[in-house]
Amino acid sequence: MHYHVDQGLQKNASFVYNNFLPQEIDAFINKMILRFIKDRFDRTDQMELGFEAVQKRLDDIRELIEPHQATFSGLTLGQNASAALPGDYLFYIAGEVNAGWDDCKLKADLSKDHTVPVLIAPQDQVRKMMIDPFRRTSERSALATITQRVLTVMGSKKFILKGVTFDYIRYPAKVDLSLNQSCDLADHTHDEIVDLTVQHILEVIASPRYQSNSAQANKTE
């Protein structure tokens, strides 16, 4: 990737630009990796390319998708539950809670476990949603919020929360030439990241070539 970034900054194989230090190239690449991930995480299909576009986005970040599981204990009916997010957490994808169902009895039947999908609620709306009988935590879905490094699942008087499982996107490893640390995204994404890096460097140094490079990059899904 370092080699191709360097080559991308050249014109007709002549050294028009001064060589950047390896640490500087590392910094540019890592910045563009994060931008690439954030772009792929945006699920909107702005170019209206259909399933192929959505599937490609998933393939682009598949190496960074990780599962996480947390168990709750000592909870009662209606009590909220909190789980610490993994240390390498970047974005939440989807999850579900495991619950001991009430089954309309006087107390929860902990032997009967059910899974309920988790719905991440806006922090400024979750209180209103919890008093709305059609939106609050129920047998259809469990509301949850993410604040700082904690996932909090809102409880229900119909069941006891026993655990949560969710998939998330982790932070990528930082590219570091001196430590021989490569990009850990899928191999087919490396050329796109190199193109983004070259485009960004051209912008930083105010090159007249930036405009044409930017136009080409905008065509990439």
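Just so it is clear, none of the values below were taken in a lab; they were calculated from the coordinates. Everything numeric in this text was worked out from a predicted model, so none of it was measured.
Can you run phi through the Karplus equation (6.51, -1.76, 1.60; θ = phi - 60°) for region 165-176 and list ³J(HN,Hα) in whole Hz, with x for Gly and Pro?
10, 8, 9, 8, 9, 8, 5, x, 5, 7, 4, 8
For region 65-170, just say rounded, prolate or oblate: build the C-alpha gyration tensor, square-root its eigenvalues into a ≥ b ≥ c, call rounded for a/c under 1.5, and beyond that prolate if a/b exceeds b/c, oblate if not.
oblate
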